[in-house]
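Written out below as structure tokens is the structure these notes cover.
Any read-out appearing in this document is the output of simple, stated calculations on the displayed coordinates, not a laboratory observation. Predicted, not measured: the structure shown is a model, and the values here were computed from it. Here Cβ is always computed from backbone atoms with ideal geometry, including for glycine, and neighbour counts include all displayed protein chains.
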Amino acid sequence: MIDIVAYLVARGVPVCGHLGLTPQSVHQLGGFRVQARDDTAAQRLLRDARALQEAGAQMLVLECVPAALGREVAAALTMPVIGIGAGAGCDGQVLVLHDMLGLEPGGGHPAPKFVANFLAGAASIQAAFEAYRLAVREGRFPAPQHEY
């Protein structure tokens, strides 16, 4: 994919890389599981992240990896690293809307550990969004119980 990223960037197309758990490849990855848990896989992911940056990607989404690796990747890159289940050490956070609102996960799968229901106790969906924004901004989310 690095050649494709470089091709797109050379033509003025902004690119956001995505490493770790990539939902479009979940079946090849063995299901919804934490990625890059061993040293070999973690070093490969770090190399891939650096290669994406060198190819011109403007940012990286890092999904479902150990928090220590998320912190290491964010520290190693100059482009922003946005975590979804990658720990509080990333430059920013994102959650899927359905997960943030505590809606039933698709396919009968339990919600991942990194998910928090921000609608619980909120008076509205707008209040849930505000609660998420504040929790991230104040460093309360993700909390240690949301990390791998």
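Per residue of the chain, the DSSP helices (runs of n ≥ 4 H) give a summed -39500 (n - 2.57) that works out to -10500 deg cm²/dmol at 222 nm.
Got a sec? How would V73, V136, V96 order by Cβ neighbour count within 10 Å, fewest to most?
V96, V136, V73
Charges at C-beta only: +1 for Lys and Arg, -1 for Asp and Glu. How large is the resulting dipole of segment 21-148 about its Cα centre, in Debye rounded to 20? All intermediate terms of the calculation are to be shown ahead of the outcome.
Values: 10 positive and 12 negative charges, 16 e Å.
It works out to roughly 80 debye.
The local environment of R71, defined by Cβ-Cβ distances under 11 Å, has a net charge of -3 under the rule Lys, Arg +1 and Asp, Glu -1. Among D99, D91, D38, the residue with the largest mean-square fluctuation in a Gaussian network model of the chain, with springs joining Cα atoms closer than 10 Å, is D38. This ranking places T78, T22, T40 by how few other beta-carbon atoms lie within 10 Å of each, fewest first, which gives T78, T40, T22. Under a Gaussian network description of the chain, with springs only between Cα atoms under 10 Å, the residue in G85, G20, G102 that fluctuates furthest is G102.
The structure-derived value of log10 I(q)/I(0) by the Debye sum over Cα atoms at q = 0.08, 0.20 Å⁻¹ appears in the list [x] -0.29, -1.19; [y] -0.26, -1.16; [z] -0.23, -1.23 under the label [z].
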